[in-house]
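Below is one structure; the comments refer to it alone.
Readers should treat all values here as calculations from the given coordinates under stated rules, not as data from a laboratory. Predicted, not measured: the structure shown is a model, and the values here were computed from it. Using ideal geometry, Cβ is built from the backbone for each residue, glycine included, and neighbour counts are taken over all protein chains shown.
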Amino acid sequence: MKKNSPSKRNIGGLATLLTFGAFAVCILSVLLVGARAYKSLTVRDRQSFAARTASQYIITKLRQSPSPDVGLTSFGDGDCLVFKEDIEGRVYLTRVYCSDGWLCELFAEEGGDFLPSDGEKVIEASSLDMELKGGLLRISLIDGEGRELSFCVNIRGEKGGGA
Amino acid sequence: MRSRSPLALIELLIMIMIFALAAALCLRAFVWADLKSASNADADMAALHAQSAAELLKGSEGDYSFAAMELGGVLSAAQHGDKLAPAAEQESLLVRYGSDWKSSPEADAFTLSAVPLETSVPGLESALIAVNDASGAELISFTVSWQKED
């Protein structure tokens, strides 16, 4: 029976070991690439969600408002968008503002003693600045991911009212 | 006793070949997902900026200079589209954005254009708003119309 020499066996074993090492490195590389791709996807999706939801929430609020009486006031951490509506002879205000790192909404009767913290938290946002001029509302929003979004909304039938 | 090393080596090589095939498919899926996610994020921002431009044009009743000033863009000669004819002797709006979606005249990552269109309805004005990326691919495009008050 022919036997392999010890050096030949060692080379064969070493080759197997090296191939296994290369295999392990390949697995690790694919795993790392996959993890990185997944991380970048989730970060980007979270950013998109924060920006899209915050901006579209305000735009939809303006578009869906039953009353054209829209105005600006100061409430919470800065500017506040106010929708005034008359319900059964009583005036109610819907306020959209930023407070404690959240975009909030507060629906309450006019003149009521409410705090910014009483509002319903909608989505994380650190700042909301608005300017209403000639029916054009300029909005500058810093979303929960720290991205600044600036956009304009044309308010149809705006009366310049508010609280 | 015969050494098992060559057999183990062949097993490993076959395993690596199968793994390489699976890895190639996985990497392709990762790259596709990454590109798709980036394209979706860009489309979201493009929609927001295009919507803002449309609101500005509607609010100002087609004052392209005002919209250009507000958005940080410039006025340029109207470009002819394939299907829609631009209104004669009117300027169009062009806004350039960087990859961070900040408008700048030197930026070239994205371009927003608003081209006035001719309408057959008296008193009605229209514009074609489009956002393209650096390669020229269209991210969003729509027509906006408003009533011009005398």
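Axis angle, to the nearest 10 degrees, between helix B:5-59 and the longest C-alpha principal axis of chain B: 10 degrees.
Let a ≥ b ≥ c be the square roots of the eigenvalues of the Cα gyration tensor of region B:5-147; is it rounded (a/c under 1.5), or, if not, prolate (a/b larger than b/c) or oblate? Judged from the Cα gyration tensor, region B:5-147 comes out prolate (a/c at least 1.5, a/b above b/c).
Restricting the chymotrypsin sites (Phe, Trp or Tyr not before Pro) of region A:33-117 to loop positions (DSSP other than H, G, I, E, B) with no more than 15 neighbouring Cβ atoms within 10 Å leaves A:F114.
Among the listed pairs A:K84/B:K36; A:K121/B:K58; A:K121/B:K102; A:K61/A:K133, those with a Cα-Cα distance over 30 Å are A:K84/B:K36; A:K121/B:K58. Ordering A:A125, A:A50, A:L62 by Cα displacement along the dipole of chain A toward the positive end leaves A:A50 in first place; charges were set at the Cβ atoms of Lys, Arg (+1) and Asp, Glu (-1). Computed from the C-beta positions of A:E148 and A:D45 and an R0 of 22 Å, the FRET efficiency is 0.70 to the nearest 0.05.
Based on Cα contacts under 8 Å between residues 6+ apart, region B:5-147 shows a relative contact order of 17 percent. With angles folded into 0 to 90 degrees, how steeply does helix A:6-64 sit against the dominant principal axis of chain A? Use alpha carbons for both and round to 10. Its long axis makes an angle of about 10 degrees. Magnitude of the charge dipole for region B:5-147, about its Cα centre and with charges confined to Cβ atoms of Lys, Arg (+1) and Asp, Glu (-1), is about 480 debye. Counting, for every residue in A:134-142, the Cβ atoms of other protein chains within 10 Å of its Cβ and taking the mean gives 2. Pairs of Cα atoms nearer than 8 Å and 6+ residues apart set the relative contact order; for region A:12-114 it is 14 percent.
Once R0 is set to 41 Å, what does the formula 1/(1 + (r/R0)^6) return for the Cβ-Cβ distance between B:A20 and A:S127, expressed as a FRET efficiency to the nearest 0.05? E(calc), rounded to 0.05, equals 0.25. Taking a Cβ cut-off of under 14 Å around B:L27, the surrounding Lys, Arg, Asp and Glu residues balance to a net charge of +1, with basic ones at +1 and acidic ones at -1. Across the options B:A134, A:G89, A:G12, the greatest Cα extent toward the positive end of the charge dipole of the protein assembly as shown (unit charges at beta carbon of Lys, Arg, Asp, Glu) belongs to A:G12. Taking the helices alone, chain A has a mean residue ellipticity at 222 nm of -13500 deg cm²/dmol, built from -39,500 (n - 2.57) per DSSP H run of at least 4 residues and averaged over all its residues. For the pair region B:16-43 / region B:108-150, the C-alpha centres are spaced 35 Å from each other. Electrostatic tally near A:G144: other residues with Cβ closer than 10 Å to its Cβ, Lys and Arg +1, Asp and Glu -1, net -1. Peptide B:54-64 has a mean shielding of 4, counted as Cβ atoms of other protein chains within 10 Å of each residue's Cβ. In a DSSP loop and with at most 16 other Cβ atoms within 10 Å, the GluC sites (Glu not before Pro) in region A:56-117 are A:E88, A:E110. Each residue, A:E85 and B:T119, gets one label point 7 Å from its Cα in the Cβ direction; the gap between the two is 2.9 nm.
Sequence-ordered 3J(HN,Hα) estimates for region A:111-118 from the Karplus curve with 6.51, -1.76 and 1.60 and θ = phi - 60° stand at x, x, 8, 10, 9, x, 6, 6 Hz, glycine and proline given as x.
Rounded to the nearest 20 debye, the dipole magnitude of the protein assembly as shown is 3300 debye, with +1 charges on Lys and Arg beta carbons, -1 on Asp and Glu beta carbons, and the Cα centre as origin.
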